[in-house]
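Working notes for the structure below.
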Amino acid sequence: MADLNDMAWWQRTIACEVYPKSFLDMAGQGTGTIAGITAKLDYLQKLGIGAMWITPCYKSPMVDNGYDVQDYYAIDPSFGTMADMDELIACGKKRGIRIVMDLVFNHTSEECSWFVESKTSRDNSKADWYIWRDAREDGSAPTNWRSIFGGSAWEWCEERGQYYLHTFAKQQPDLNWECPEVRKALFDIANWWADKGVGGFRIDAITYIKKPPVFEDGPADGEDGLYPVHAATANTPGILDFLHEFKTAVRDGRDIFMVGEANGVAAEELDKWVGENGVFDMLFEFSHTHVPMGAAEIWCRPVTWKLTDLKRALAASQAATVSNGWYPAFFENHDQPRSTVNFFRCEGPLAEKAKVLGVVLLTTRGTPFIYQGEELGYGNAEWKSIDEFDDVQTKAQFDFAKGEGLSDAEALAACVRFSRDNARTPMQWDASEAAGFSTAKPWLPVHDDYVTCNVAAQEADPDSVLAWYRSLAKLRLGNDVFLAGDWHELMADDEQVMAFERTLGDVRAVTLANFSDEPVTYDADLVEGLELLAGSMGDATTGELRPLEAVVWG
């Protein structure tokens, strides 16, 4: 049980993630703008949002939609200007919404001035700012590591006569954190943005910044003969020393929060990463998102899973942050397929599935992060060919699947299921052309259901997913038990129902969510003496749950 009076502002609010390129276009160009975010702050405020993480909008060639940064001190013209960003920060502050910037510090764009200089020679002022290695005697790459986006993690640079390492795309060379000048340059960037008045930082791909002292081949795990760079470099011992230095230089003494993206950090390791003895205030770890996808994230290899697998992952993260740290609860982000598809093994209406996930997200312990469109109950898009996708990882996964012997149709099916572009289709504001997102052709196709699944339609419908999310937000922010209460799992072995209780002193609340398309019963004693606080189907009966029904008793 937390002391509500001692809790930080970011522990007592609801956060969201906005993907600027797909949120709202105010320039008639087919891609979203910062001014578009500012125009919809009132909409976000009605969701109870107090912190808004926006994905990178720095100057970039956009090979990976902004995660290839060319200049951390400039706004990409496609998003607007620095004046637009200053206005967003100021207007957000007036509404109690703090802007959280995305720091991409594992790598830069190949067009970043640092890399442009680094590749010119082996003795220039930035020669050691990136990971350079000589070729093997036969001229091949230094190791057999596979990048996360597929293919070798090494790219030959003719100008310098060496290979450079790229954990992601070849246009995203990895920075060398062993170089003190690199660390100082990155810390200066973060402090510059903090001085601008942002409320915090989400730090991208942070588990890859520390490389092993010796680069060695690993056992191949596919037909391409390569070994995952994640297995070779993630969470290398010594990484926390770098991050503590970062915390001291940037976080300490400021009223901000830092949340790290830490793929591969296990629940039992969280105490070293978050809390008083850790580095971050919160940590996005992905044990629960890996349940339907698999930790290797090879989309074409089917994964068999059960609801108890998902529940164990979520419970482990809760247990690991009870006495140390804080949990950022999420089911969606810009790198995941839509949750209504990802976390259900049954058929059923997407709206009902969205309401089930919403009640879990907004009554659990931690700071909930809502991803744009999640509050409308989006499903995955109806992709018809690989050519419709924009995402570099999706195209790499398609090629990998083909290399594994899958047909075009089978490879496409895997991409349709897991592509990151499912979360990146334009926000659907109304039933007009392009869903009210833009007056030009959108950069990605608008989802086929935009005529019926949009903000305007759902605002007019008291039974909509949006109405449900807004009511849950009020429930959460108006009841201390959901903000500061302890979390205890119930019905841990049940394969249909996710259930937990929140307790704060004498106050108790119980959440029950049926993830199946069958009616289920539960022990009515679990909610004895409690009243219905929220029901996804309006009314509710103690001891029973209808298919895809979620309830909160308190």
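The values are calculated or read from the model by the stated rules, or taken from the named source; none is laboratory data. Remember, predicted model here, so these are calculated numbers, not experimental data. With ideal geometry, Cβ positions are generated from the backbone for all residues, glycine too; neighbour counts draw on all protein chains shown.
Give me the pairs, please: first residue somewhere in region 419-446 and within 15 Å of Asn333 (Cβ to Cβ), second residue anywhere and among the aromatic types (Phe, Trp, Tyr) and not in a loop (DSSP other than H, G, I, E, B), beta-carbon distance under 9 Å, and either six or more positions apart or on two chains.
Ala423/Tyr371
Each row is one residue, and each column tells you yes or no for (1) assigned by TED's automatic domain parsing to the domain that holds Gly28; (2) of a type in the set (Gly, Ala, Ser).
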{"position": "Ala440", "(1), (2)": "yes, yes"}
{"position": "Trp443", "(1), (2)": "yes, no"}
{"position": "Val451", "(1), (2)": "yes, no"}
{"position": "His488", "(1), (2)": "no, no"}
{"position": "Asp493", "(1), (2)": "no, no"}
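I'm told Lys395 meets every condition in (1) of a type in the set (Lys, Arg); (2) in a loop (DSSP other than H, G, I, E, B); (3) under 30 Å from Val451 (Cα atoms) except one. Can you identify the failing condition by its number?
Only one criterion in (1) of a type in the set (Lys, Arg); (2) in a loop (DSSP other than H, G, I, E, B); (3) under 30 Å from Val451 (Cα atoms) is unmet by Lys395, namely (2).
So which of Asp224, Asp241 ends up being outside any helix (DSSP H, G or I), modelled with pLDDT of 90 or more, surrounded by fewer than 19 Cβ atoms within 10 Å (Cβ to Cβ) and of a type in the set (D, E, K, R)?
After applying the criteria, what remains is Asp224.
Does Ser536 satisfy the criteria of being in contact (Cβ under 8 Å) with a residue 40 or more places away in the chain and surrounded by fewer than 22 Cβ atoms within 10 Å (Cβ to Cβ)?
Here the answer is no, as Ser536 does not meet what is asked.
Sort out which residues of region 153-187 are outside any loop (DSSP other than H, G, I, E, B) and either crowded, with 21+ Cβ neighbours inside 10 Å or under 25 Å from the mean Cα position of the chain (by Cα) (or both), and write them in order of number.
Within region 153-187, Trp154, Tyr163, Tyr164, Leu165, Asp174, Leu175, Arg183, Leu186, Phe187 qualify.
Thr207: surrounded by 18 or more Cβ atoms within 10 Å (Cβ to Cβ), of a type in the set (Ser, Thr, Tyr), assigned to a loop (DSSP other than H, G, I, E, B) and touching a residue at least 12 places away in the same chain (Cβ under 8 Å), yes or no?
no
Suppose we filter Gln428, Gln393 for residues that are assigned by TED's automatic domain parsing to the domain that holds Ala457, modelled with pLDDT of 95 or more and either buried (at least 23 other Cβ atoms within 10 Å of the Cβ) or under 23 Å from the mean Cα position of the chain (by Cα) (or both); which single one remains?
Within the list Gln428, Gln393, the selection yields Gln428.
Does Ala513 satisfy the condition of being within 24 Å of the chain's Cα centre (by Cα) and touching a residue at least 12 places away in the same chain (Cβ under 8 Å)?
Here the answer is yes, as Ala513 does meet what is asked.
May I ask you to say which residue of Leu357, Leu310, Leu314 is out of contact with any helix residue (DSSP H, G or I) (no Cβ under 7 Å at 6 or more places or on another chain) and outside any loop (DSSP other than H, G, I, E, B)?
Leu314
Which one of the conditions (1) in contact with a Ser or Thr (Cβ under 9 Å, 6 or more places away or on another chain); (2) under 19 Å from Leu314 (Cβ atoms) does Pro547 fail to meet, given that it meets all the rest?
For Pro547, the exception is condition (2).
Cβ-Cβ below 9 Å, separation at least six or inter-chain, first residue in region 65-76 and touching a residue at least 12 places away in the same chain (Cβ under 8 Å) and over 23 Å from Thr425 (Cβ atoms), second among the small types (Gly, Ala, Ser) and assigned to a loop (DSSP other than H, G, I, E, B): which pairs?
Val69/Ser60; Val69/Ser109; Gln70/Ser60; Gln70/Ser109; Asp71/Ser60; Asp71/Ser109
State all residues of region 477-499 that are assigned to a strand (DSSP E or B), without any contact (Cβ under 8 Å) to a residue 40 or more places away in the chain and over 19 Å from Trp326 (Cα atoms); if no residue qualifies, say none.
Leu490, Ala499
Within region 474-482, is even one residue at pLDDT below 95 and under 24 Å from Leu350 (Cα atoms)?
No, the conditions are met nowhere in region 474-482.
Mind checking which residues of region 330-341 are surrounded by fewer than 22 Cβ atoms within 10 Å (Cβ to Cβ) and either farther than 25 Å from Asp64 by Cα or over 12 Å from the mean Cα position of the chain (by Cα) (or both)?
Val341
Looking at (1) out of contact with any Asp or Glu (no Cβ under 7 Å at 6 or more places or on another chain); (2) crowded, with 18+ Cβ neighbours inside 10 Å, can you tell me which one Ala262 breaks?
(1)
Within the bounds of region 305-324, is there any residue that is at pLDDT 95 or above, of a type in the set (S, T, N, Q), buried (at least 21 other Cβ atoms within 10 Å of the Cβ) and not assigned by TED's automatic domain parsing to the domain that holds Glu549?
No, that holds for no residue.
Being among the basic types (Lys, Arg) and in a loop (DSSP other than H, G, I, E, B) is the filter here; which residues of region 131-152 pass it?
Arg136
Do you know which residues across region 448-463 are assigned to a loop (DSSP other than H, G, I, E, B) and under 30 Å from Glu388 (Cα atoms)?
Correct list: Asp448, Asp449, Tyr450, Val451, Thr452, Cys453, Asn454.
Which of the numbered conditions does Lys474 fail, given that it passes all the others? Conditions: (1) touching a strand residue (DSSP E or B) at 6+ places or on another chain (Cβ under 7 Å); (2) touching a residue at least 60 places away in the same chain (Cβ under 8 Å).
Only one criterion is unmet by Lys474, namely (1).
Which count do you get for residues in region 403-415 that are surrounded by 23 or more Cβ atoms within 10 Å (Cβ to Cβ) and of a type in the set (A, V, I, L, M)?
Number satisfying all stated conditions: 0.
Going through region 477-496 one residue at a time, which ones are acidic (Asp, Glu) and either surrounded by 18 or more Cβ atoms within 10 Å (Cβ to Cβ) or out of contact with any strand residue (DSSP E or B) (no Cβ under 7 Å at 6 or more places or on another chain) (or both)?
Answer for region 477-496, where residues must be acidic (Asp, Glu) and either surrounded by 18 or more Cβ atoms within 10 Å (Cβ to Cβ) or out of contact with any strand residue (DSSP E or B) (no Cβ under 7 Å at 6 or more places or on another chain) (or both): Asp493, Asp494, Glu495.
Can you say whether Ala499 is of a type outside the set (Val, Ile, Thr), surrounded by 19 or more Cβ atoms within 10 Å (Cβ to Cβ), under 25 Å from the mean Cα position of the chain (by Cα) and at negative phi, as far as the supplied structure shows?
So Ala499 passes the test.
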